[in-house]
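The values are calculated or read from the model by the stated rules, or taken from the named source; none is laboratory data. Quantities reported herein were computed from a predicted structural model and do not represent experimental measurements. No Cβ is skipped: glycine too gets one built from the backbone with ideal geometry, and neighbour counts run over all protein chains shown. All accessible areas refer to the heavy atoms of the entire protein, side chains included, with ligands and DNA or RNA removed. Shrake-Rupley method; radii C 1.70, N 1.55, O 1.52, S 1.80 Å.
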Amino acid sequence: MQHKLVWKPWHTPGVESLRLDRDSNGINASSHLIQSLKGHSIAATYVLNCDPRWRFRRLWLKVDDHGPKSLTLLRDIRGRWFLDGQLRPDLGDCQHVMFSSSPFTHTPALQRCALETGQSEQLQVAHIDLLSLRVEARSQRYLCLRQSANQATYRCEAEGKPSHELTVDRDALLMKASEQFIRLSAHNLSLNTWV
């Protein structure tokens, strides 16, 4: 199944356009985003790969902020993390990647947690600062506040940040994050076959 999603920041100019492909081999997201961060206008492209159970495997990220810079982050099947080919033992407890400038990076974590109303889970994530491309381990907690057939609401508490609410659809794809992002569109893409 393929999805095409578009989000915009709540208060600042910008947009993220993401294509999500899911099949028996895994989950692949490719995205382009433009945002204003701390007075900097940035353009970023990333490709994020997870296995079929939403476990993080690989991220390629390129950011243009007064010149292009990029990184590759990999987690092998033993749980070892590599940043541009160099082992990062400090990320060993991390399960996912997160960058606050992309609403999609919550989806793999929420899919893996599979929380019911009232349940919570604390995770370690590899947080990426898009301006410096610094990668560091951070703690993040999700609490499921309420669920219905078509959506769920979570409280997200990220280390060093104020908590906020996330409303997601039944595929854990963000619809809105309070004071951060709102989804503009979502489409399921299908291949036309002529018989």
key: Selection count, region 28-46, where residues are under 16 Å from Leu18 (Cα atoms) and surrounded by fewer than 15 Cβ atoms within 10 Å (Cβ to Cβ)   = 2
task = State the number of residues belonging to region 170-182 that are without any contact (Cβ under 8 Å) to a residue 40 or more places away in the chain and exposed (fewer than 15 other Cβ atoms within 10 Å of the Cβ).
result = 1
inquiry  = Suppose we keep only residues that are modelled with pLDDT under 80 and part of a strand (DSSP E or B) within region 179-195. Which one would you say is farthest from Thr153 (Cα to Cα)?
reply    = Leu189
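Take region 143-160 and flag every residue that is within 13 Å of Ser178 (Cα to Cα) and either surrounded by fewer than 15 Cβ atoms within 10 Å (Cβ to Cβ) or more than 16 Å from the chain's Cα centre (by Cα) (or both). Don't jump to the end; show me each part of the working.
Here is the first cut: in region 143-160, the residues within 13 Å of Ser178 (Cα to Cα) are 153-157.
Result: Thr153, single match.
Can you give me the ranges of the strands (runs of 3 or more DSSP E) entirely in region 2-100 with at least 3 residues that are more than 23 Å from Gln124 (Cβ to Cβ), modelled with pLDDT under 90 and more than 19 Å from the chain's Cα centre (by Cα)?
Numbers: elements: 2-9, 14-23, 26-37, 40-50, 56-64, 68-75, 81-83, 96-98.
Because the criterion is at least 3 residues that are more than 23 Å from Gln124 (Cβ to Cβ), modelled with pLDDT under 90 and more than 19 Å from the chain's Cα centre (by Cα), no strands (runs of 3 or more DSSP E) in region 2-100 meet it.
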request  = Sort out which residues of region 80-94 are open to solvent by less than 70 Å² (accessible area, probe 1.4 Å) and either out of contact with any strand residue (DSSP E or B) (no Cβ under 9 Å at 6 or more places or on another chain) or more than 23 Å from Ser70 (Cβ to Cβ) (or both), and write them in order of number.
outcome  = Gly92
query = Since Arg58 meets every condition but one in (1) at positive phi; (2) open to solvent by 40 Å² or more (accessible area, probe 1.4 Å); (3) of a type outside the set (S, T, N, Q); (4) in contact (Cβ under 8 Å) with a residue 12 or more places away in the chain, which condition does it not meet?
reply = (1)
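Which one of Leu133, Leu166 is in contact with a strand residue (DSSP E or B) (Cβ under 6 Å, 6 or more places away or on another chain), at pLDDT 90 or above, on the phi > 0 side of the Ramachandran plot and hydrophobic (A, V, I, L, M, F, W, C)?
On the way: Leu166 fails: on the phi > 0 side of the Ramachandran plot.
That would be Leu133, the only listed residue that is in contact with a strand residue (DSSP E or B) (Cβ under 6 Å, 6 or more places away or on another chain), at pLDDT 90 or above, on the phi > 0 side of the Ramachandran plot and hydrophobic (A, V, I, L, M, F, W, C).
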note = Restricting attention to region 61-78, the residues that are of a type outside the set (Val, Ile, Thr), open to solvent by less than 50 Å² (accessible area, probe 1.4 Å) and under 19 Å from Asn28 (Cα atoms) number exactly 5
Odd one out for Thr117 among (1) modelled with pLDDT under 95; (2) open to solvent by less than 50 Å² (accessible area, probe 1.4 Å) = (2)
key: Matching residues in region 101-114 - criterion: being open to solvent by 10 Å² or more (accessible area, probe 1.4 Å) and either in a strand (DSSP E or B) or of a type in the set (A, V, I, L, M, F, W, C) (or both)   = Cys113, Ala114
